[in-house]
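Enquirer: Before I ask anything, let me first share the structure, which is written out below as structure tokens.
The values are calculated or read from the model by the stated rules, or taken from the named source; none is laboratory data. What you see is a predicted model, and the numbers here were worked out from it, not measured in a lab. Using ideal geometry, Cβ is built from the backbone for each residue, glycine included, and neighbour counts are taken over all protein chains shown.
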Amino acid sequence: MNRKRVLIIIAIVSLLVVVFYGLWQQLQPYPPHTMLNQKEKLAVDKLLTNLQTRCIGRYLVDLPADYNNTVNMARVNDSWVETQRLYLPAFEQRIQLREEALRQTKTVNPVNMPYLKNIYRLPEGMQGIIFERVQDQSVSDAARVLEAHLYNNGVAIKVEMKVSNASAARYDKGRQTFPDIYDNDVPEKLVELKNLLSRIQGRKETEIPTTAGSCIPNAFIIDNHRDKEDIGSLYKTNPDNYLNVRIQTDNFIREKDSMLERLGVIKASLYRGSIFRKGVRKINKLDTEELLLVGQQPNSDDPRYQFTLLTNEKTGGKETPVFDLTVVNDEETPTAYTQNEIVAFWDAISQTVRVRPGAFKRQ
């Protein structure tokens, strides 16, 4: 057999191997099953003991009971909503002390005094108050904030909304030239703020609403079909196991390219890391993409893991909010879990992501 014929045969065999390997890869289930030794299996079983359903935005995900959310804020439209579980007497004291502090606050320019401009009572049946104050001690008193405090179901809720009130006579000249800047939108913003407050209900972490609306930390906001929602959570254990769960959801951002379509850019930006696993998954009727990155920490040789699952990235909207689930280990202190254990943990919790029944009025 001459040399040329041998080379042809080798080339054909090599091609067949590549083709069959590609077909074999396509036929493999995704995600692949993670093989654990006995010690790893015990660690994962313990980690996944007592899963509890959590509500974030319009979605549900199951996390271990000892994982607690460390974020107490969410952004609704252009306002920050801050929540905290609190006893009523402590809430009442908070309002009293806040009013005293606002009354005592001085502006840099005395012409902008008083710092606290107005106090508004909430509608009947609602506990709380709204302060109209200057936005900052150093700015003109035309720039103001409506600072609302609400108490509902054992939760203290604070909402801040920026407003403008240039109704003072010293702004007359500016108002003639720039009427859109030197305006007074407080009355309409008060209506908007009171409407938002009327739709916020305090809730416990594991309390799952059944009506249309969105879950934020410690609370639930009843749907109005208009709100722009940007909600984030960071779940950690106590004591800390240095393996954190980050969740982010919004209903107004729509990307041109999905995560896997941006893979080239992601690869180019990786530092001391590589792609361990990537692919698409159908999870509870959701089309999702996942990307599992592994490597070393930027400032040490400790292992680094960042596993991300995304849905609705290119179709984000009011009834198709983006949902980002990420498991990441702490940078300062290495986690005791092995890579296999973290992957198994990831596979278990990511498989529970789903739209909350009743989250949208169309359902």
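Enquirer: Report, ordered by the first and then the second residue, all pairs with beta carbons closer than 7 Å, sequence separation of six or more or different chains, a first member in region 336-355 that is under 16 Å from D302 (Cβ atoms), and a second member that is of a type outside the set (S, T, N, Q) and assigned to a helix (DSSP H, G or I).
Expert: Between residues of region 336-355 that are under 16 Å from D302 (Cβ atoms) and residues that are of a type outside the set (S, T, N, Q) and assigned to a helix (DSSP H, G or I), the close pairs are Y337/A43; T338/E40; E341/E40; E341/A43; E341/V44.
Enquirer: What's the number of the condition K204 fails, among (1) surrounded by fewer than 18 Cβ atoms within 10 Å (Cβ to Cβ); (2) in a strand (DSSP E or B); (3) not β-branched (V, I, T)?
Expert: (2)
Enquirer: Another question, then. Quickly run through region 265-277 and pick out the residues that are under 21 Å from G316 (Cβ atoms) and surrounded by 12 or more Cβ atoms within 10 Å (Cβ to Cβ).
Expert: Going through region 265-277, the residues under 21 Å from G316 (Cβ atoms) turn out to be 265-266.
Once the filter is applied, which keeps residues that are under 21 Å from G316 (Cβ atoms) and surrounded by 12 or more Cβ atoms within 10 Å (Cβ to Cβ), region 265-277 yields only I266.
Enquirer: For F307, are the conditions met, namely being crowded, with 21+ Cβ neighbours inside 10 Å and either among the charged types (D, E, K, R) or within 15 Å of the chain's Cα centre (by Cα) (or both)?
Expert: Details: crowded, with 21+ Cβ neighbours inside 10 Å: yes; either among the charged types (D, E, K, R) or within 15 Å of the chain's Cα centre (by Cα) (or both): no.
No.
Enquirer: Let me ask something else. Would you mention how many residues in region 52-70 are crowded, with 16+ Cβ neighbours inside 10 Å and either more than 16 Å from the chain's Cα centre (by Cα) or not assigned by the TED database to the domain that holds P321 (or both)?
Expert: Looking only at that region, the number is 1.
Enquirer: Looking at region 320-349, which of its residues are charged (D, E, K, R) and crowded, with 16+ Cβ neighbours inside 10 Å?
Expert: Going through region 320-349, the residues charged (D, E, K, R) turn out to be 324, 330-332, 341, 347.
Scanning region 320-349 gives D324, D330, E341, D347.
Enquirer: So which residues in region 146-200 are of a type in the set (V, I, T) and either free of Cβ contacts under 8 Å to residues at least 12 places away in the same chain or surrounded by fewer than 18 Cβ atoms within 10 Å (Cβ to Cβ) (or both), if there are any at all?
Expert: Taking region 146-200 and keeping what is of a type in the set (V, I, T), we get 155, 157, 159, 163, 177, 181, 186, 191, 200.
Within region 146-200, T177, I181, V191 qualify.
Enquirer: In region 281-332, how many are assigned to a loop (DSSP other than H, G, I, E, B), over 14 Å from T352 (Cα atoms) and basic (K, R)?
Expert: Kept after step one, since they are assigned to a loop (DSSP other than H, G, I, E, B), are these residues of region 281-332: 284-285, 297-302, 312-316, 318-319, 321, 330-332.
If we keep only those that are over 14 Å from T352 (Cα atoms) too, we end up with 297-302, 312-316, 318-319, 321, 330-332.
Of the ones still in play, those that are also basic (K, R) are 314, 318.
Residues in region 281-332 being assigned to a loop (DSSP other than H, G, I, E, B), over 14 Å from T352 (Cα atoms) and basic (K, R): 2 in total.
Enquirer: Okay, moving on. Of the residues D172, D180, only one is in a loop (DSSP other than H, G, I, E, B), assigned by the TED database to the domain that holds P114 and farther than 27 Å from L122 by Cα; which? Quick ask: steps written out before the conclusion?
Expert: Values: D172 fails: in a loop (DSSP other than H, G, I, E, B).
None of the other options fit; the residue is D180.
Enquirer: Of the conditions (1) in contact with a helix residue (DSSP H, G or I) (Cβ under 9 Å, 6 or more places away or on another chain); (2) closer than 23 Å to D185 by Cα; (3) buried (at least 18 other Cβ atoms within 10 Å of the Cβ), L102 satisfies every one except a single condition; which number is it?
Expert: (1)
Enquirer: Related question: Mind listing whichever residues of region 200-223 are more than 14 Å from T83 (Cα to Cα) and of a type outside the set (A, V, I, L, M)?
Expert: Applying the first criterion (more than 14 Å from T83 (Cα to Cα)) to region 200-223 yields 206-214, 222-223.
Answer for region 200-223, where residues must be more than 14 Å from T83 (Cα to Cα) and of a type outside the set (A, V, I, L, M): T206, E207, P209, T210, T211, G213, S214, D223.
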